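See below for the structure under consideration.
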Amino acid sequence: MATGADVRDILELGGGDSENTPISKKDIINSDKKKSKKSTETLTFKRPEGMHREVYALLYSDKKDAPPLLPSDTTQGYRTVKAKLGCKKVRPWKWMPFTNPARKDGAIFFHWRRLADEGKDYPFARFNKTVQVPVYSEQEYQMYLHDDGWTKAETDHLFDLCKRFDLRFIVIHDRYDHQQFRKRSVEGLKERYYSICAKLTKIRAPSGSDPKLPVFDAGHERRRKEQLERLYNRTPEQVAEEEYLIQELRKIEMRKKEREKKTQDLQKLITAADNTTEMRRAERKAAKKKLPQKKETEKPAVPETAGIKFPDFKSAGVTLRSQRMKLPSSVGQKKIKAIEQMLTELGVDLNPMPTEEIVHMFNELRSDLVLLYELKQAYANCEYELQMLRHRYEALAKAGTNSLASDGFGIDGQMGTVGTSSEEIKGEGKDQFIDVVGAAPLTPNSRKRRESASSCSSVKKLKKP
């Protein structure tokens, strides 16, 4: 049997020190109140409304610590660790002298430093990096380093300045003694120094080794500085002309790309139309040769149309035949509206009964309609651009460009087709006009401009006697 202590333990009641004490009615009834008292003791204070979280964190934290006196930059966990200020002694600092090993004059300076670091070297002396300038003897100079354009005294003066100014050749050129020696350029000083370094490295290298020789191209450096000087001395007119030429070059490249794209698209349409006509002729010839046979249960092979490529439903499962009549997502809304308009003009139902033969013929019809629509668009664009070229030519002819006639490029020459009708241009000269049309890119309002151009041409024809 369960004792009183077990019952108190189950009900989470206090006062379970003595096992023999009986359980009263109040202990069982007031058990919830005792629990609430315990829970209220562990509750934390809520942040007042309107107070920012950062301000409240300074006033109160879970550990009820006082806000830090100094800012701390330690990120251990979510909360930043506060600075712990103890009662230990601060490390002593002392105002002491020091010398910099980089200086040769023995100057003494003073700074604050910890007492434990007294007597140590200056910590920033490790950043004193010097260039190792090679040293040559009299015998080496006479045997390997002799040059007719340089004397030994001038070479010694150059190497002394290189060692003094750490190969800063602009400073070396400024401090060079041009009165005692010949006037030298920066490239000449560099060339002499690096040629001597390369010769000494090659001489002093052990036999059988391949040392890395320093190389300096003085001619390239002179040409580079000349080009920079020319670039810097350009006038504002030259800069503006260069920018204009660069913009024109970009426009020419864009027009060339558009022209190539148009010719490719037109060639695709022409080849697609030729392929479809050839396939139709081949199908008709094969159908005439074949004898009337029973209908096969298998699906007839659908030829690939050039206008619309309908998806093949080859996946497993049940599919509706009407799904094969659905236009693919690659066909735009403009083409869909054009197809519907042409079907209504032809008197064809937009949603016919989806039998096997009707689906096949309906898809072929819509594919041909799309191909016809694209060919009409391409033809209209070419006609519009041809009209623009005609108007340009007429304007140039009226402006007095008679030099074309003297060069053999008159109205009856290569551009003699200007006076002819559009039907005569459809022949051999069509490719030439298509190649030229890239100079005038089409805009979204091309249809309106095309209509206005055609109306202008018709008015001009009426005015002619």
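Worth a mention:
- When the range 146-179 is filtered for residues that are part of a helix (DSSP H, G or I) and of a type in the set (A, V, I, L, M, F, W, C), the ones remaining, listed by number, are A153, L158, F159, L161, C162, F169, I170, V171, I172.
- Counting the residues of the range 324-379 that are under 23 Å from T271 (Cα atoms) and among the hydroxyl-bearing types (S, T, Y) gives 4.
- Residues in the range 222-270 that are touching a helix residue (DSSP H, G or I) at 6+ places or on another chain (Cβ under 9 Å) and not in a helix (DSSP H, G or I): R234 alone.
- Checking each residue in the range 95-106 for being touching a residue at least 12 places away in the same chain (Cβ under 8 Å), outside any strand (DSSP E or B) and either loosely packed, with under 10 Cβ neighbours inside 10 Å or not polar (S, T, N, Q) (or both) picks out P101, A102.
- Filter result for L213 (in a loop (DSSP other than H, G, I, E, B) and either in contact (Cβ under 8 Å) with a residue 60 or more places away in the chain or within 30 Å of A102 (Cα to Cα) (or both)): yes
- Residue count for the range 180-200 under the criterion of being in a helix (DSSP H, G or I) and of a type in the set (D, E, K, R): the result is 5.
- Residue pairs whose Cβ atoms lie under 9 Å apart, sitting 6 or more positions apart in sequence or on different chains, and linking a residue in the range 220-244 that is closer than 27 Å to S185 by Cβ to a partner that is open to solvent by less than 100 Å² (accessible area, probe 1.4 Å) and of a type in the set (S, T, N, Q), are R222/S185.
- Cβ-Cβ distances below 8 Å connect the following pairs, each with a first residue in the range 107-131 that is closer than 25 Å to K163 by Cα and in contact (Cβ under 8 Å) with a residue 12 or more places away in the chain, a second residue that is outside any loop (DSSP other than H, G, I, E, B) and open to solvent by less than 90 Å² (accessible area, probe 1.4 Å), and a separation of six or more residues or different chains: Y122/F98; Y122/T99; V131/C162.
- Filter result for Q323 (open to solvent by 50 Å² or more (accessible area, probe 1.4 Å) and at pLDDT below 75): yes
- The range 179-205, residues that are more than 23 Å from Q142 (Cβ to Cβ) and of a type outside the set (V, I, T): Q179, K183, S185, E187, K190
The values are calculated or read from the model by the stated rules, or taken from the named source; none is laboratory data. Being a predicted model, the structure only gives us computed values, none of them experimental. Here the Cβ is made from the backbone with ideal geometry for all residues, glycine too, and neighbour counts use every protein chain on show. These area figures cover heavy atoms from the full protein model, side chains too; ligands, DNA and RNA do not enter into them. Shrake-Rupley method; radii C 1.70, N 1.55, O 1.52, S 1.80 Å.
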